[in-house]
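I have placed the structure first, in the form of structure tokens, so that the comments after it can refer back to it.
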Amino acid sequence: MIDRMHTLTLRIYLTVVAVLLLFAFSSGWLFQRHIEEERVQANSMLAERVAAWADLIQRSLPGTEEPVEQQAAALHAWSHRLRLPLALDDVKGQRIAASDSFLRRQAEGTAHGMAMRLEDGRTLWVMRPGNRPVGPPPRGLPPPPREGADDDRGPVDWPWGETVLRRSVSLVVVLVLLFFAVAAGAWPAVRRLTRRLKALQHGVENFGAGNLGQRVEVSGRDEVAAVAASFNQAAGRIEALVQSHRSLLANASHELRSPLARMKMAVSMLDEAPPVQRERLKREIDTNVAELDALVEEVLLASRLDAAPQMGLREPVEMLALAAEEAARVDAQAGGEPASVFGDERLLRRALRNLLENARRYGGGDVGVTVSSRGGTAVVQVNDRGPGVPADQRTRIFEPFYRLPGHAEQAGGVGLGLSLVKQIAEGHGGTVRCLPRDGGGCTFQLDLPTA
């Protein structure tokens, strides 16, 4: 599993790097296309400009019939004015004159001249300027040269040259540096993400190994934090469910021993007992079997309610009619006003039955139930005139298998009735509580949201 996590880290990181490479290649390709377009445009501008210069110089140069010295002087003058290396050949290709800058650049081999055929058969050679500032191309004839020897260092801007190349190289360097910077910065971010996933993985493994108290750290507000929070919530629910089942199993095992022991003793005495005692032993066996059956039923119901605490809203249930039916079973009084709730009628009937049987068992025979509706809540109250419940025990009596001190097992029940009432009430979005009653006794109040 750890190797898989490392593989996930590498895969995410390589994905980021691949995206960066794609971006770099795409940017380089687009820039290269842009450079080529500029090169083509610059060459076109260069050809047009050289043609214009050649036409201008041709109109100003002395004709072929003029002395060579006069043609050379005019060429040098134009080289000064245009700040361009120039050379002129006659119709036979013999060099008539060349500017100092042309001769120097030719000797250095740093540039090659561009030949322009003049109308009279002579050939004009033009070289690009050397060191020049970048600016807009000159319009028309350049200003006259300053005093001094002719050179090509002047305000003439060549359409294409070293500046564009330097810019392209600089951009490539920037793209390469940007790629390495983002690639280096992406590794800690990817590592942090997978480190949180790794911590979540360790938490799940520890929980699966039996450490039900294992929780993971929830940091941030992203999807990983949401998964961690969901895991903690599920782990808490599973831990509570397992602990509840363990407690339920332990208490049920303890409660099963008493009726089983009594039934075992009655069965062992049955064969040798006289007829009168035999009938009494049979009734004892039937009572213990009924107690075991009730205990198993309540344990199964409690286990099912633990596994699915939220009851599905199945149908509307009229609580006043339900209370009247259950009150008639124990000879209790029922009254109040109609109040309808959504829920499982069978479970709600079981909750009312447990409350009424508990009141009949401990309430001194004066038992009643009333139903009312208060602001969207159906309130069912089961009243008795029994000895009451001490204030410090009114919450604990709803715990599974808890019975008030001094209540003997012969009084009936194993302490699951009120616990089931609480589970059913909470499963329907309601509550149940024990309240003192004026004049003595108790009031068990069941509050359920109305339909």
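The C-beta contact set for segment 331-359 (first residue at positive phi, second residue surrounded by fewer than 17 Cβ atoms within 10 Å (Cβ to Cβ), distance under 6 angstrom, 6+ apart or interchain) comprises 336/372. Checked against (1) under 27 Å from residue 77 (Cα atoms); (2) under 56 Å from the mean Cα position of the chain (by Cα); (3) surrounded by 13 or more Cβ atoms within 10 Å (Cβ to Cβ), residue 43 passes all but condition (3).
Inspection of segment 75-97 identifies at least one residue that is modelled with pLDDT of 85 or more and at positive phi.
Here is a check on your reading of the model: is residue 117 free of Cβ contacts under 8 Å to residues at least 40 places away in the same chain and out of contact with any Leu (no Cβ under 7 Å at 6 or more places or on another chain)? Criteria met by residue 117.
The values are calculated or read from the model by the stated rules, or taken from the named source; none is laboratory data. Here the structure is a predicted model, which is why all the values come from computation and not from measurement. Every residue, glycine as well, gets a Cβ built from its backbone with ideal geometry; the counts of neighbours run over all protein chains shown.
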